[in-house]
Every structure is written in structure tokens, then in C-alpha cells.
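**Q** Got a structure here, written out as C-alpha cells. Questions coming.
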Amino acid sequence: MPKLIECVPNFSEGRRREVIDAICAAITSVEGVTLLDHEMDGDHNRAVVTFVCHPQLAVEAAFRGYQKAAELIDMRTHKGEHPRMGACDVCPFIPLSEVSIEDAIELANKLGRRVGEELQIPVYLYEDAASSTKRKNLANVRTGEYEGIRDNIETDPDRKPDYGPSKMNLKSGSTAIGVRFPLIAFNVYLDTNKKWIADKIADAVRALKGGYKFVKALGFEIKERDQVQISMNLVNYTKTPIFRVFETIKSEAARYGVNVTSSEVIGLLPNDAIVDVADFYLRLENFSRNQILEEKLRSAGVGGGSATVKESFYDEVASSSPAPGGGSVSASVGALAAALTAMVCRLTVGKKKYEAVKDELSAVRDKADNLRQELIKLIDDDKDAFNAVMDAFKLPKSTEEDAARRDAAIQKATKGATLTPLTVMKKAIETLGLALVVAQKGNENSISDAGVAGLAGLAAVEGASYNVRINLKSLADKAFVEATQKEMQALRNLGQELAAQVKKEVESKL
């Protein structure tokens, strides 16, 4: 499976759909981000948004959500049943596939730094990303809610945020950013409006009161339904399954002469969690997930679900279509060079032997990650630029005016198709510069990876230069041709020089 991370930001708004729609639009404005779900609760005045993407897109997508929430939500006037501390109240990262907890913690810190510095919102890290054991539990971080944190953040040392100012952002509040196991938000309704009964039952199942270790629970009065609710977060459904909590609530409710009327899941939940419930209540014998039709189809690769993005790109290149072609492949090779450079940084940072270069290579890692995303985007940009040239050639030319417009469109599109690979060259040059740093200072056990990054970076430079040169032949603007040719040759020379330095450094350590 490709790398995937889930992000579930909770926003303190459950009554104005237009606000949550705007926040979701901001999140999904990052290309490659998929919105899986968004649910609003008017009583709690809260919305839960779920999106997934490649981990390198997650910070930007989440930040845009924070930015829009800061613009549209005012905590000074916010009221709701659910505990809250900020416009974007919490934002957990959940590793799904090919992403480690350490990778997710790195994302949480990157997002925390941006939210704190750029939006001036106090940020507290929690769960697996927590900077101290006191902050591991979200309930501890959110103690006192918005008003309590507002009143104490400037005077209580325990309230000092991990990122951002030690001063409440009065409009946007503060926020908690973390890393956690997939959580199930599960609510159970009772046929009574007596909140004290819900409180008693919540205490019976919640960890802090001696209940189940992986259950957080509170009782709420839902006035519009004239009922009470036990609202829960099941933080590890494999160790405390849904059915066990549900059966305990039924049993406790019977003690007070009330019944469970219904339950609900807020947001998404893993397939295994529901399979466990079915297995328990149906008392199935010798049951396995392979008996689920969709699971069997997925594992067999039926329906195209098993094809990865990489395989799809290779298939496109191998097809009879002229795009994506050499320009896109050059960008792809450059992205791989950046990826290898970032990998060497990650295999270096945190090692005691390389403590002296920790900060420098952390910065190189971040730059390499950004370059990788820029080069990945250029894969499609090059394809689009080529298609724009083809579209221009299809324009009518039956009259002199049409022919003139067609020629002008061809020239304009060809300039675009020239500048795109030129940009690939520039980004690849930047990548080569970073590859040289990791070859010089990175983990020597990964020196061969630094070497391959250098070779791939040079291939990207040279490959993209071919596309620049072939397009220049079709242009009539001699000044543009001359200037671009000069810039392209300078980039080639610099690329060859940097690649030679990387190679020399690598071979001296092999």
C-alpha cells in the first residue's frame, strides 16, 4: 500500500454548515488530500473532519484548516456541551499504512510550529507526541477549557505551550496536536433525561474512575431529544472493544431502571471494530476477515484497488500516449533524489554520533521534503504543458486570423512547455546541493543512498535540459531562446559540478 496518514481535526463549530464547508474546502485545496468524512453536532457545537493523504501533504492541509477556522470561528462567543479549548480544538495524526509513529510525531511538531508561529495560537502536544507525561492525556491538556487556559496561561508554568505564545489567542483559543491509535467516538443514548444517571454510568466505564483502561467518557444532557447520552472516546478498540463497553452500559443502566435506546458512531471507524461486534453478537464459529467479500476482493486485487500510484505512473509512461514523457520522468527522478536525501537525514538525526549536525540536517530534511513535493507536482505540470501545446495545434486555421491566433497560441504554449522543465532543472539543482551536504555530513552507513541521490539529481537536470532544448527549436522569439539557452547551460554546468562533488565524497567513504 502507498504511504497514508489520517488526520482528524475537531472544530468548535457544529451549527453553521457554511463554516465547516469552508474549512473542508481549505483542507482539500491541497492536491492529493481526500476528505473522508465530516460530521456536525449542534448540541456539542462541534464538528469532526476526517481526511487522508500522503504524509508529506498532511501538514499543509491541516494548517489550511487551522487558518480558515481562525478566520471564521470566534471562541469568545462559543458555547457548547463538549469540552473545548480552541477554534480547531484538537488535531490528531493517525498512521495508517507505511507510516511510523515517529513519522507522525514529526508531522505533529511541524504543524505545531507553524500554527504557533504563523497563527499565534498556543499549541500543546498530546498522546504519543506529548512533550511530558502530564500532557499525554488530552483531558489533562484541556483542563479548564478555553476560559481556564485563557486565565492561567500567562502565570502558570504548567500551562506553557509547546509552540506559540504563552498568551491566549482570544479569538482562536489554543489547540492540542497529537499522534494516536485510531479512535472510535461512540455515543450511547438512554431513555431518561436525568443527567446524574448518565454521569454515574460514564464513571463506571471511564478509565479515570476505575472503568476500562482505554475508555474516556462523559455524561451529557441532549435537550432537544429530552434524553441523556454517554459520550465516549474508545482509544484502543482492540483492547477494549465496542461490544464490551456497550454491554456494561446496558447493565449499569438497568440498575437505575432505564434502558439504552440507541447508539451512534461519530466519524469513521476501522473495519475490524465492527467485525468484532458482529462476531460477538452473532456468536460466529471459526470466523475470519477473509469471509468478508470486500476484504477478499481487496486482497485479491480485484477491481483495480491494488494498483499503486507508482504503478499507474509507470503504466502511463509505457503507454502509447506521448505524455507523460521525458520531462515528467525527469521530475520524477528529481523527486526520488530529494526523497533519498531526506531519508539519509532521517537516518542521521537522532543518532548520538551525529549530534553536532542534528539541526543542520533537520533543516536539510525539511527542504528536501518540500523539494520532493514540488518535483512531484512538476510531473503533472510537464504533462499539462505538453498537452497545452497539442491543444494549440488543434485550433482552427481556415482563415488568416484563425491561423495567426493558432500560431500565437502554439508559441505561448511552447514557451510554457520550455519553462516547466527549466523549473525541474532548478529544483533538481537545489536537491543536488542538499545531497552534497548529506554526503559530507550524513550517516556514513547510508553513504550509498546519498550517492544515488546525486546520480538521480544529475539525471533529472540532464533529462529536463533535453526537453528545454527540443522546445527552444520551435520558438520564434530569439531573445527568449537566447536567454533560456544561456540559463539552461549554466544550470547544466552547475548540476555536473555538484554531482561530481557528491560522487567524489561518496567514493572516498565507500
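Bear in mind these aren't lab numbers, they're just calculated from the coordinates by the rules spelled out. From a predicted model like this one, the values you see are computed outputs, not experimental measurements. Every residue, glycine as well, gets a Cβ built from its backbone with ideal geometry; the counts of neighbours run over all protein chains shown.
**Q** Ranked from highest to lowest mean number of other Cβ atoms within 10 Å per residue, what is the order of the peptides 432-439, 353-360? Please list the in-between numbers first.
**A** Values: 432-439: 26.5, 353-360: 13.2.
Packing order, densest peptide first, comes out as 432-439, 353-360.
**Q** Tell me, what is the FRET efficiency for Lys377 and Thr261 to the nearest 0.05, using R0 = 51 angstrom and their Cβ-Cβ distance as r? Don't skip to the answer; put the middle values down first.
**A** Working: r = 51 Å, r/R0 = 0.99.
Computed FRET efficiency for Lys377 and Thr261 comes out at 0.50.
**Q** Averaging the inverse of every distinct alpha carbon separation and then flipping it gives the Kirkwood radius. What is it for segment 4-179, in angstrom units?
**A** Numbers: mean 1/r = 0.0638 Å⁻¹.
By the Kirkwood definition, the hydrodynamic radius is 15.7 Å.
**Q** Which pairs break 24 Å Cα to Cα here: Lys79/Lys171; Lys358/Lys509; Lys79/Lys216; Lys171/Lys209; Lys134/Lys358? Don't skip to the answer; put the middle values down first.
**A** Numbers: Lys79/Lys171 13 Å; Lys358/Lys509 20 Å; Lys79/Lys216 22 Å; Lys171/Lys209 34 Å; Lys134/Lys358 27 Å.
Pairs exceeding the cut-off: Lys171/Lys209; Lys134/Lys358.
**Q** Starting from the Cα gyration tensor of segment 245-291, take the square roots of the eigenvalues, sort them a ≥ b ≥ c, and report rounded, prolate or oblate (rounded when a/c is under 1.5, otherwise prolate if a/b is larger than b/c, else oblate). Display every interim value, and only then the final one.
**A** Values: a/c = 3.89, a/b = 1.73, b/c = 2.25.
Oblate shape, in that a/c is at least 1.5 and b/c is the bigger or equal ratio.
**Q** Using 1/(1 + (r/R0)^6) with R0 = 45 angstrom and r between the beta carbons of Leu170 and Ser321, what's the FRET efficiency to the nearest 0.05? Could the numbers behind the result be given before it?
**A** Working: r = 55 Å, r/R0 = 1.23.
Computed FRET efficiency for Leu170 and Ser321 comes out at 0.25.
**Q** What is the percent of Cα-Cα separations in segment 184-269 that go past 14 Å? Spell out each step's value before the answer.
**A** Working: 2092 of 3655 pairs.
For segment 184-269, the fraction of Cα-Cα distances above 14 Å is 57 percent.
**Q** Hey, can you grab everything whose amide H is under 5 Å from the amide H of Tyr212? Only 5+ residues off in sequence or another chain; H modelled, so Pro and N-termini drop out.
**A** Arg206, Ala207
**Q** Give, as a single signed number, the net charge of other residues whose beta carbon lies under 10 Å from the beta carbon of Asn137, with Lys and Arg counted +1 and Asp and Glu -1. Display every interim value, and only then the final one.
**A** Values: positive: Lys134, Arg135, Lys136, Arg142, Lys216; negative: Glu127.
Neighbour charge sum, excluding Asn137 itself: +4.
**Q** Could you compute the net charge surrounding Met343? Neighbours are other residues with a C-beta less than 10 Å from the C-beta of Met343; K and R count +1, D and E count -1. Show your work: numbers first, answer last.
**A** On the way: positive: Arg346, Arg365; negative: Asp449.
Every neighbour counted, the sum reads +1.
**Q** Sticking with this structure for a sec: How large is the Kirkwood hydrodynamic radius of segment 447-490, in angstrom, based on all distinct alpha carbon pairs?
**A** Working: mean 1/r = 0.0849 Å⁻¹.
Mean inverse Cα-Cα distance, inverted, gives 11.8 Å.
**Q** Let me ask something additional. Rounded to whole Å and sorted largest first, what semi-axes of the equivalent ellipsoid does the C-alpha gyration tensor of the chain yield via the square root of 5 times each eigenvalue? Write down the numbers at each step before the final one.
**A** On the way: eigenvalues 501, 145, 117 Å².
Rounded to whole Å, the semi-axes are 50, 27, 24.
**Q** Can you tally the net charge around Gln440? Count Lys and Arg as +1, Asp and Glu as -1, for every other residue whose Cβ sits under 10 Å from the Cβ of Gln440.
**A** Numbers: positive: Lys441, Lys509; negative: Glu505.
It works out to a net charge of +1.
**Q** Using label points projected 7 Å from each Cα along Cα→Cβ, tell me how many nm separate Lys134 and Arg405, to one decimal.
**A** 7.0
**Q** Here's another thing I want to ask about it. Determine which aspartates and glutamates satisfy two conditions relative to Lys426: a Cα distance under 16 Å, and not lying fewer than 8 residues away in the same chain.
**A** List returned: Asp369, Glu374, Asp381, Asp382, Glu462, Glu487, Glu497.
**Q** Mind ordering 208-216, 458-466, 398-406 by average Cβ neighbours within 10 Å, highest first? Write down the numbers at each step before the final one.
**A** Working: 208-216: 16.4, 458-466: 23.7, 398-406: 11.4.
Ranked by mean Cβ neighbours within 10 Å, highest first: 458-466, 208-216, 398-406.
**Q** So, one more: Please compare each pair in Lys3/Lys394; Lys377/Lys415; Lys397/Lys478; Lys377/Lys397; Lys367/Lys503 to a cut-off of 30 Å on the Cα-Cα distance and tell me which ones are over it. All intermediate terms of the calculation are to be shown ahead of the outcome.
**A** On the way: Lys3/Lys394 39 Å; Lys377/Lys415 19 Å; Lys397/Lys478 24 Å; Lys377/Lys397 33 Å; Lys367/Lys503 21 Å.
In this structure, Lys3/Lys394; Lys377/Lys397 lie more than 30 Å apart at Cα.
**Q** Now for a different question. For the chain, what is the mean residue ellipticity at 222 nm derived from helices alone (per DSSP H run of n ≥ 4: -39500 (n - 2.57); sum divided by total residues; nearest 500 deg cm²/dmol)?
**A** Working: 15 runs with 272 residues, N = 510.
Per the formula, -18000 deg cm²/dmol.
**Q** Sorted by packing (mean other beta-carbon atoms within 10 Å per residue), highest first, where do 340-346, 483-489 land?
**A** On the way: 340-346: 26.1, 483-489: 14.7.
The densest-packed peptide leads the list: 340-346, 483-489.
**Q** Round to the nearest 0.05 the FRET efficiency obtained for Ile101 and Lys504 when R0 = 56 Å and r is the Cβ-Cβ distance. Provide the component values of the computation, followed by the final result.
**A** Numbers: r = 38 Å, r/R0 = 0.67.
Here the calculated transfer efficiency is 0.90.
**Q** Still on this structure, please answer the following. Starting from a Cα-only point model with no solvent, please compute log10 I(q)/I(0) by Debye for segment 432-510 at q = 0.21, 0.25 1/Å.
**A** -0.82, -1.02
**Q** Rounded, prolate or oblate: pick one for segment 310-509, where a ≥ b ≥ c are the square roots of the eigenvalues of its C-alpha gyration tensor, a/c under 1.5 means rounded, and failing that, prolate if a/b is larger than b/c, else oblate.
**A** Working: a/c = 3.11, a/b = 2.28, b/c = 1.36.
It is prolate, given that a/c is not under 1.5 and a/b is the larger ratio.
**Q** Counting only Cα, what are the radius of gyration and maximum Cα-Cα distance Dmax of segment 101-193, in Å?
**A** Radius of gyration, then largest Cα-Cα span, for segment 101-193: 14.7, 48 Å.
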